[in-house]
Amino acid sequence: SRLGVTEPSALEFVRQNPSAQSIARQLRPGKVVAANTGMNGELISLHFPLNNQDTALVIERRRTGFVAAERRMQLEAGTEVRSGEIRSSLFAATDDAGIPDAIATQLAEVFGAEIDFYRSLRKGDRFSVVYETLMHRGQIVRTGRILCAEFTNAQRVLSAYLFKTRDGKEGYYTADGKSLRKAFLRTPLEFSRVTSGFSNARLHPVLQTTRAHKGIDYGAPTGTRVRSVADGTVASI
């Protein structure tokens, strides 16, 4: 309605045509859709970028009716600069700043060895981030890597810069060239929670007996990635 399309046959085509079904599956608040319309509200073309792809669904008017097809988009590389302040959590702050979740997750990974994002965040902590974007028709289609970032945590200022070494490997370093990848991580999981800590006497949840718990248990949704401190090869599953 806001695009000025008043043609019932166009809406019926979007609802019924099998090639246009991705619109119903992927339409969400905030999705940017472009349309070309005639003077009387008739649809000439509709441009709908597909999620997590470099293609768009294009609906066009032909003499025999409407046709729908996927087409590769010509993307333009750019950068986005955002900053925010912690009031409750990292994701709440990045949402307020208009930062995509993928960049927020990268931000936590970059500073994960320096900041415990479960216990160390303080109200008033601030961050700034510069990240890659791929754009089409002036709209961001998807994001890429963080290029540089700064995080102020408990009055401690941390910085990170993406740098490619001579052997082609990329990593994040401080302004004086120190790698942010440390020998130990604060947590091995992304945004998990501690369900049971290290203890000399703990009630076993299955055996219901008291015994030492020589480790730390983390709870996280199925599919949560486990982070490692170095490159390796899976020997068995």
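The values are calculated or read from the model by the stated rules, or taken from the named source; none is laboratory data. None of these values were measured; they are calculated from a predicted model. Just the protein is used for accessible areas: all its heavy atoms, side chains included, with ligands, DNA and RNA removed. Shrake-Rupley method; radii C 1.70, N 1.55, O 1.52, S 1.80 Å.
Structure notes:
- Range of Cα positions in the chain per principal axis (Å), largest first: 77, 51, 41
- Average accessible surface for the chain: 66 Å² per residue, computed with a 1.4 Å probe over protein heavy atoms with every protein chain in place.
- Listed by chain and number, the lysines whose alpha-carbon sits under 29 Å from that of Lys178, ignoring those within fewer than 8 places in the same chain, are Lys123, Lys164, Lys169.
- Spatial offset of the range 78-92 relative to the range 1-67 amounts to 33 Å, using the alpha carbon center of each.
- The range 74-87 - phi-based ³J(HN,Hα) in whole Hz, Karplus 6.51/-1.76/1.60, Gly and Pro as x: 8, 9, 10, 7, x, 10, 10, 10, 9, 8, x, 10, 6, 10
- Of the accessible area of the chain, computed with a 1.4 Å probe over protein heavy atoms only, carbon and sulfur atoms account for 50 percent.
- For the chain, calculated [θ]222 nm from helices alone, where every DSSP H run of n ≥ 4 adds -39500 (n - 2.57): -3500 deg cm²/dmol
- A 1.4 Å probe over all protein chains sorts Arg181, Arg2 by accessible area into Arg2, Arg181, starting with the largest.
- Among Gly41, Gly177, Gly84, the largest mean-square fluctuation in a Gaussian network model of the chain, built with springs joining Cα atoms closer than 10 Å, belongs to Gly41.
- Cut-off under 5 Å, modelled amide H: who pairs with Ala34 long-range: His47
- Look at the alpha carbon pairs under 8 Å that are at least 6 residues apart: their mean separation over the length of the chain gives a relative contact order of 11 percent.
- In degrees, nearest ten, helix 101-110 long axis to first principal axis of the chain (Cα): 30 degrees
- Note, ³J(HN,Hα) from phi for the range 33-49, Karplus 6.51, -1.76, 1.60, rounded to Hz, x at Gly and Pro: 10, 10, 9, 10, 10, x, 4, 9, x, 7, 7, 9, 7, 9, 10, 10, x
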